[in-house]
Amino acid sequence: MRRLNSPRLRARLTGTLFLVVLAIATAVPGLARPAAQTAATQAQLDTIEAQTSRLRELERLAPIEREFVTREELRAHLVEDLYEENPPEEIEKYQAVLEAFGYIEPGYDVLAVALDVYAEGTLGYYDPRDKKLRLVTDAETLSPGDVITLSHEMTHGLQDQHYDLRTGHDARQDENDQSTAYTALVEGDATLEMIQYGQRYLSPAEFREALASDSDSPAFDAAPLIIQRELIFPYVDGAAFVAQLYGLGGWSAVNAAWLDPPTSSEQILHPEKYFVHEEPVQISLPDLQSAVGPTWRKLDENTLGELDWNILIEQYASGRVADEATEGWGGDRFQVFKRDSDGALLLAAHTVWDTERDAREFYDAYQRVVQGRYGSSLQTPPVGSVAPALGSISAPDQAWAAQAGRDTQVLAQSGQDVFIVISGDPAAVAPATASLWASR
């Protein structure tokens, strides 16, 4: 699992911060429309780089290398990067997880959609692998929007020189929620700097022009909610998180966070939990492979995190229901399996909530997810008819089962724990549920 547009997210920001982040989000964040490589442009880029370093209070340890490319070359770079970072087994895993949870319909080409969204409006980016800032050469002068967004990307270059972005990302790439939180720090830092850059170095008229940049984004608008929300989250909620840090101690406080990065999307959404070092509950799942048998191939084990549970509930209920149901998130862990003979998927998830009331709120909201996902095809047979092992272990506080087409779902709550099993084969539900339930 990896990572625009929700009233809940926007409501976190006000005034100039809201307007700038809204503008950058709807234009595909952090990317500029740089000018051709004239001497005047190079001099302007040098000035932006020096101003960015002073404003962000990070010394340039070396000049940030720039490479001018055509739009076709830039897209080729993006395609190459996407496949280099996502080998076939990772693509299969990502697709299966999104399908199993219900973020996308089976067979939906999420990779092609993601590429279209990332390429749409992409006019430059900083690459921590080769330490280059790549710029498109399709304009002769830098617009005010170009200037502040170039400053955003140059901030990434400075971050990389001081905090080694590649190592930071690589250390978290296998943990979905940790990766989300780290990316929010990276992009939130650069977005706040960009806002301050515009306020300091642009005139009021230029700043207004920067905010009025073209925001037409049909690929993004057509993308699933999970892609939209995960794309904007680091820029909007990340900027709000970093603004809280900055308000406590300026850039020194932000720099301190780089030495102790946030570890969950929960800490980004609720900065007070970062300040008191409230860490996610660690969950150990049982040996589900032995329970379901060798015909099922394990694809992934990971943590969804508060953000992605929120997105799932918003998709099938509403943003208000999602916020109320997920603000008590304490931790989660899931596994996804695939049966190669017919492509059936099996998902088992264990979630932990801050209180029993929080667990019940999530339990109720997840029922709405299932109902919204399957609509009129949904049937709700007795739990014992689809997962008899559940009742034979111990009585849950509440349990619920549902069937639609080939899918069977079981939902159970015990205290602060809520368990979910989804299977494309009803026969696999009982052993998976029994194993998961016994591990609590």
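The values are calculated or read from the model by the stated rules, or taken from the named source; none is laboratory data. This is a predicted model, so every value here is computed, not measured. Counting neighbours? That spans all protein chains shown, and the Cβs are built from the backbone with ideal geometry, glycine included.
For (1) surrounded by 13 or more Cβ atoms within 10 Å (Cβ to Cβ); (2) assigned to a loop (DSSP other than H, G, I, E, B); (3) at pLDDT 85 or above, each residue gets a yes or a no:
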{"position": "Gly30", "(1), (2), (3)": "yes, yes, no"}
{"position": "Pro34", "(1), (2), (3)": "yes, yes, no"}
{"position": "Leu58", "(1), (2), (3)": "yes, yes, yes"}
{"position": "Leu74", "(1), (2), (3)": "yes, no, no"}
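At pLDDT 80 or above, part of a helix (DSSP H, G or I) and either in the same structural domain as Glu193 (by TED's automatic domain parsing) or touching a Gly at 6+ places or on another chain (Cβ under 8 Å) (or both): which single residue out of Ala62, Ala43, Ala23 fits that description?
Ala43
Here Leu142 passes the criteria (1) farther than 20 Å from Tyr118 by Cβ; (2) among the hydrophobic types (A, V, I, L, M, F, W, C); (3) assigned to a helix (DSSP H, G or I) except the one numbered (3). Of all the residues in the range 279-294, those that are in a loop (DSSP other than H, G, I, E, B), touching a helix residue (DSSP H, G or I) at 6+ places or on another chain (Cβ under 9 Å) and surrounded by fewer than 18 Cβ atoms within 10 Å (Cβ to Cβ) number 4. Applying the selection to the range 138-189, what residues are under 16 Å from the mean Cα position of the chain (by Cα) and among the polar types (S, T, N, Q)? If the condition is that a residue be under 16 Å from the mean Cα position of the chain (by Cα) and among the polar types (S, T, N, Q), then Gln173, Asn176, Gln178, Ser179, Thr180, Thr183 are the ones that fit. Count of the range 139-156 residues, restricted to those that are crowded, with 23+ Cβ neighbours inside 10 Å and either touching a helix residue (DSSP H, G or I) at 6+ places or on another chain (Cβ under 8 Å) or under 13 Å from Glu193 (Cα atoms) (or both), is 10.
Looking at the range 229-288 only, could you name the residues that are of a type in the set (S, T, N, Q) and over 19 Å from Trp329 (Cβ atoms)?
Of everything in the range 229-288, those that are of a type in the set (S, T, N, Q) and over 19 Å from Trp329 (Cβ atoms) turn out to be Gln244, Ser252, Asn255.
Scanning the range 216-229 finds one or more residues that are among the charged types (D, E, K, R), within 30 Å of Leu98 (Cβ to Cβ) and not in a helix (DSSP H, G or I). For Gly250, are the conditions met, namely being farther than 28 Å from Thr155 by Cα and either in the same structural domain as Asp177 (by TED's automatic domain parsing) or surrounded by fewer than 16 Cβ atoms within 10 Å (Cβ to Cβ) (or both)? No: the conditions fail for Gly250.
Against the test of being at pLDDT below 95, buried (at least 23 other Cβ atoms within 10 Å of the Cβ) and of a type in the set (Phe, Trp, Tyr), the options Phe220, Phe207, Phe241 yield a single qualifying residue, Phe220.
Within the range 371-392, identify whether any single residue is over 16 Å from Leu98 (Cα atoms) and charged (D, E, K, R), and answer yes or no. Looking through the range 371-392, none of the residues is over 16 Å from Leu98 (Cα atoms) and charged (D, E, K, R). Against the definition (buried (at least 18 other Cβ atoms within 10 Å of the Cβ) and either at pLDDT 95 or above or basic (Lys, Arg) (or both)), how does Gly343 come out, yes or no? When the stated conditions are applied, Gly343 does not pass them. Every condition in (1) touching a helix residue (DSSP H, G or I) at 6+ places or on another chain (Cβ under 6 Å); (2) not assigned by TED's automatic domain parsing to the domain that holds Ala114 holds for Val276 except the one numbered (1).
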